[in-house]
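Here is the structure we will look at.
The values are calculated or read from the model by the stated rules, or taken from the named source; none is laboratory data. Treat the numbers as computed from the prediction; the structure is a model and nothing was measured. Here the Cβ is made from the backbone with ideal geometry for all residues, glycine too, and neighbour counts use every protein chain on show.
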Amino acid sequence: MPATPAYPPHSAPRLFVDLALSEGAEIRLDGSHAHYLLKVMRIKQGDPVKLFDDRSGEYLAHVSALGKRDLILLVNGKTREREAVPDLWLCTAPIKKDRFSWIAEKATELGVAKMIPVQTERTQSHNIKPEKLRTHMIEAAEQCERTALPALDPLIKLTDMLEQWPADRHLFFADERIHESGEGSFRKALVAHEGPAAILIGPEGGFTDAENEMIRALPQSVPVSLGPRILRADTAALAAISLWMAGRGDWNPG
Ligand code: SAH
């Protein structure tokens with residue numbers, strides 16, 4: 001007979017903390033971390049908690065003191081090193097708030113190293129909230145056993161981004177107009193372009209003709225198609241990341 005499932009679940013809560021962790025350190029948690037552990041997880045003295053810091057890795061800690069609104073954790077030992085993340089950036093124009101958060105969450109799960117919000121002529125939502133995006137990234141990483149978070153750049157104008165673009169990084173430019181021309185095979189582009197990479201996805205209204213030309217004029221730009229059907233920007237971002245991960249990232253074991 002299967003055992004009656006225990007509640008709360010046995011697996012230790014897993015949290016990101018924004019400080020350098022090390023064996024033997026004592027960490028005081030308050031605010032939302034403390035609320036989660038004390039009120040939601042009903043954590044007790046001696047209970048285990050997993051922590052990761054996006055710097056050195058993941059650690060096992062135990063509750064060494066409990067207050068009403070804070071608690072102290074004693075870090076026992078490192079359980080995992082910080083993972084290696086494939087060298088892929090996602091440059092994407094902000095779209096409606098919830099959908100942009102969704103992109104941040106999924107990009108984290110899929111393993112991008114950096115997310116760059118890009119302001120284009122048809123970008124509708126200019127006031128993105130970086131703390132909100134980061135919260136979505138952190139929650140995805142906590143839940144998915146990740147030990148690394150993507151970096152999150154401030155919003156940058158497309159023109160500025162292209163001007164400063166690193167010489168050694170390919171920019172896979174998702175262009176919904178290229179498919180009909182019979183060019184833009186993502187598969188061929190991946191074969192031909194190894195090394196540091198980024199994906200560029202436009203806003204809901206797409207890039208203007210002038211922007212399209214400007215992106216193509218960048219020597220590092222590689223226009224690619226995501227098929228004959230137009231995708232929403234969030235779907236396009238996920239599809240492109242997945243293709244790159246399978247072709248050039250770390251999805252192929254062995
Ligand atoms: N131009 C359209 C659609 C924009 S879709 C319009 O005016 O509504 C938003 C972004 O997703 C595009 O800028 C592009 O980067 C990407 N995208 C969507 N479908 C695509 C496809 N089939 N191939 C390549 N990129 C695509």
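Descriptive notes on the structure:
- Given (1) surrounded by fewer than 14 Cβ atoms within 10 Å (Cβ to Cβ); (2) more than 27 Å from Asp98 (Cβ to Cβ); (3) within 16 Å of the ligand (Cβ to nearest atom), number of the condition Gly195 does not satisfy: (3)
- Of the set (1) over 22 Å from the mean Cα position of the chain (by Cα); (2) at pLDDT 95 or above, all apply to Pro150 but (1).
- Any hit, the stretch 154-177, residues being more than 30 Å from Ser56 (Cβ to Cβ), in a helix (DSSP H, G or I), in contact with a Leu (Cβ under 7 Å, 6 or more places away or on another chain) and at pLDDT 95 or above: yes
- Some residue of the stretch 77-85 being hydrophobic (A, V, I, L, M, F, W, C) and surrounded by 14 or more Cβ atoms within 10 Å (Cβ to Cβ): yes
- Put simply, of Pro117, Pro94 the only residue that is at negative phi, surrounded by 15 or more Cβ atoms within 10 Å (Cβ to Cβ), outside the structural domain of Glu23 (by TED's automatic domain parsing) and assigned to a strand (DSSP E or B) is Pro117.
- A Cβ distance below 8 Å, combined with a sequence gap of six or more or placement on separate chains, defines the contacts here; from the stretch 208-230, residues that are under 21 Å from Leu243 (Cβ atoms) and assigned by TED's automatic domain parsing to the domain that holds Ala93 reach residues that are more than 9 Å from the ligand (Cβ to nearest atom) and among the basic types (Lys, Arg) in the pairs Gln220/Arg169; Pro223/Arg216.
- Residue within the stretch 144-151 that is of a type outside the set (Gly, Ala, Ser) and within 20 Å of Ala240 (Cα to Cα) present: yes
- Breaking point among (1) more than 9 Å from the chain's Cα centre (by Cα); (2) crowded, with 16+ Cβ neighbours inside 10 Å, for Arg122: (2)
Here is a yes/no grid of residues against (1) more than 30 Å from Leu51 (Cβ to Cβ); (2) of a type in the set (Val, Ile, Thr); (3) within 13 Å of the ligand (Cβ to nearest atom):
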position: Pro150; (1), (2), (3): no, no, no
position: Lys157; (1), (2), (3): yes, no, no
position: Met161; (1), (2), (3): yes, no, no
position: Ala210; (1), (2), (3): yes, no, no
position: Ile215; (1), (2), (3): yes, yes, yes
position: Gln220; (1), (2), (3): yes, no, no
position: Pro223; (1), (2), (3): yes, no, yes
position: Leu226; (1), (2), (3): yes, no, yes
position: Asp234; (1), (2), (3): yes, no, yes
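- Only listed residue being more than 20 Å from Thr120 (Cα to Cα), surrounded by 14 or more Cβ atoms within 10 Å (Cβ to Cβ) and within 12 Å of the ligand (Cβ to nearest atom), chosen from Ser242, Ser185: Ser185
- Yes/no for Gly205 being within 13 Å of the ligand (Cβ to nearest atom) and either assigned to a loop (DSSP other than H, G, I, E, B) or over 30 Å from Phe52 (Cβ atoms) (or both): yes
- Output for the stretch 164-182, where each listed residue is under 22 Å from Gly205 (Cα atoms) and surrounded by fewer than 22 Cβ atoms within 10 Å (Cβ to Cβ): Glu176, Arg177, Ile178, His179, Glu180, Ser181
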